[in-house]
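The values are calculated or read from the model by the stated rules, or taken from the named source; none is laboratory data. Everything numeric here is computed off the predicted structure, so don't read it as measured data. Heads up, the Cβs are rebuilt from the backbone with ideal geometry, glycines too, and the neighbour counts pull from every protein chain shown.
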Amino acid sequence: MVSLEGTELRVAHLDADAFYVSVELLRHPELRGRPVVVAGSGPRAVVTTASYEARRYGVGSAMPASRARRLCPQAVFLPPDFTTYREVSRRMMELVRGHVERVEVVGLDEAYLDLEGLYSPRAAMRRLLAEIHKHTQLTCSVGIGPNKLVAKVASDAEKPAGFVVLTRQEACARFASAPPGLVPGIGPKTAARLAELGLSTLAALASAPEQLLIERFGPNLGRELRRRARFEHDGEVGAARKAVSESRERTFDHDVSDPAQMREALARMAQELCTGLAAHGRRGRTIAIKVRLDDFTTVTRAHTVSEPTCDAKLVRDVALRLLEAYSPSRPVRLLGVRVAGLAAGDAEGERKRAQDGCDVGEASSQLILPV
Ligand code: TTP
Ligand code: MG
């Protein structure tokens with residue numbers, strides 16, 4: 001097998017370990033070694049991050065905080081502080097950029113690094129990790145491979161503080177018996193359909209007849225699934241992505257049926273959103289609302305105005321009109337407002353995940369990106 005460092009190892013994926021908790025431990029060092037959970041408050045809060053000590057009790061991301069408390073009553077629960085997480089993320093990514101020219105930030109704690117041209121990618125990554133640790137005290141896991149897919153799966157393979165270097169062939173061998181869902185881009189629904197075909201490991205999927213996959217999933221997805229199972233991927237490490245929309249949303253502690261209360265919540269979020277946009281000199285043309293009903297039906301309604309705006313009154317009025325036009329038929333669980341098509345500013349995008357129920361009116365930037 002030919003595997004030359006510098007030719008084969010083109011991409012690294014860097015992912016901080018238990019990121020939010022690790023940031024909290026910087027100011028609460030006395031909690032080190034204890035189960036710590038960052039979760040919102042209120043009856044519908046979810047866990048955003050659990051320390052590895054808490055994960056031993058089965059606590060994990062996106063789990064209701066109430067369940068986490070039952071599983072691990074001795075854990076210390078802390079509320080999320082996104083402002084600080086963003087600041088630490090910014091510092092971390094600055095250090096990354098000091099070592100690698102092309103960096104694709106894909107989340108607050110996660111980035112792909114283009115290793116092309118580095119004399120010794122392994123040594124460079126070790127130096128970077130040491131520097132990140134020195135300046136932020138964070139530990140990260142790194143995966144290195146010939147493409148983004150291998151790098152991503154490798155960085156997950158030995159968390160925390162993992163450092164996994166794999167060629168494509170090595171990745172195929174190492175994860176042969178893993179379920180297809182291990183690979184990014186193969187979600188639970190696709191995995192279930194694959195299982196129906198008897199394809200419940202990556203090795204089985206990698207060697208499945210292409211025709212079978214094409215019949216079942218169509219030519220594009222069919223071929224792509226097989227390629228992913230073989231860890232083939234030609235996506236380039238992109239330049240930093242830009243947030244193209246910003247939003248505020250809120251999950252109510254109790255479902256809301258009173259239109260006045262909905263309007264008030266929406267108006268407040270519109271105000272907060274626009275204050276943030278204005279502070280960064282950002283404007284957008286598309287104003288949208290998101291409504292989640294008590295049965296989890298989720299709809300968005302959008303309206304595009306003629307000029308990019310961050311005017312709170314305009315955004316509020318449009319949002320309220322959209323709400324009135326939709327006129328929820330059932331009690332409302334969540335409301336959100338978004339301004340998209342942002343014109344100025346260069347704030348980095350971040351993943352928006354499982355923030356429902358995190359906390360009231362939490363900020364989020366969301367990326368609208370091709371998958
Ligand atoms: P991850 O990198 O997925 O998770 P992590 O850093 O907490 O843990 P790991 O050691 O496994 O990498 O996500 C980074 C941060 O994003 C995480 O600290 C909190 C946030 N997040 C959510 O808010 N909701 C989620 O469902 C997940 C998975 C993460
Ligand atoms: Mg992480």
Quiz item: Of the residues Leu221, Leu212, which single one is outside the structural domain of Leu320 (by TED's automatic domain parsing), surrounded by fewer than 18 Cβ atoms within 10 Å (Cβ to Cβ), more than 22 Å from Arg338 (Cα to Cα) and under 23 Å from the mean Cα position of the chain (by Cα)?
Solution: Leu221
Quiz item: Ala12 passes all but one of (1) part of a loop (DSSP other than H, G, I, E, B); (2) more than 13 Å from ligand 1 (Cβ to nearest atom); (3) surrounded by 20 or more Cβ atoms within 10 Å (Cβ to Cβ); which number fails?
Solution: (1)
Exercise. Can you run down the residue pairs with Cβ atoms below 6 Å, 6 or more apart or on separate chains, where the first is in the stretch 108-123 and more than 11 Å from Leu9 (Cβ to Cβ) and the partner is acidic (Asp, Glu)?
Key: Leu108/Glu350; Glu110/Asp15; Tyr112/Glu104
Quiz prompt | Positions within the stretch 137-153 being within 21 Å of the chain's Cα centre (by Cα) and within 16 Å of ligand 1 (Cβ to nearest atom), in sequence order | solution = Leu138, Thr139, Cys140, Ser141, Val142, Gly143, Lys148, Ala151, Lys152, Val153
Quiz item: What number goes with the only condition from (1) assigned to a strand (DSSP E or B); (2) buried (at least 19 other Cβ atoms within 10 Å of the Cβ) that Asp253 does not pass?
Solution: (2)
Quiz item: Considering only the stretch 264-290, how many residues are closer than 26 Å to Arg330 by Cβ and either surrounded by fewer than 14 Cβ atoms within 10 Å (Cβ to Cβ) or touching a helix residue (DSSP H, G or I) at 6+ places or on another chain (Cβ under 6 Å) (or both)?
Solution: 6
Quiz item: Do the conditions hold for Val38, that is, is it over 30 Å from Ala173 (Cα atoms) and not assigned by TED's automatic domain parsing to the domain that holds Ala154?
Solution: yes
Quiz item: Pick from Ala157, Ala161: which is within 16 Å of ligand 1 (Cβ to nearest atom), free of Cβ contacts under 8 Å to residues at least 24 places away in the same chain, of a type in the set (A, V, I, L, M) and assigned by TED's automatic domain parsing to the domain that holds His13?
Solution: Ala157
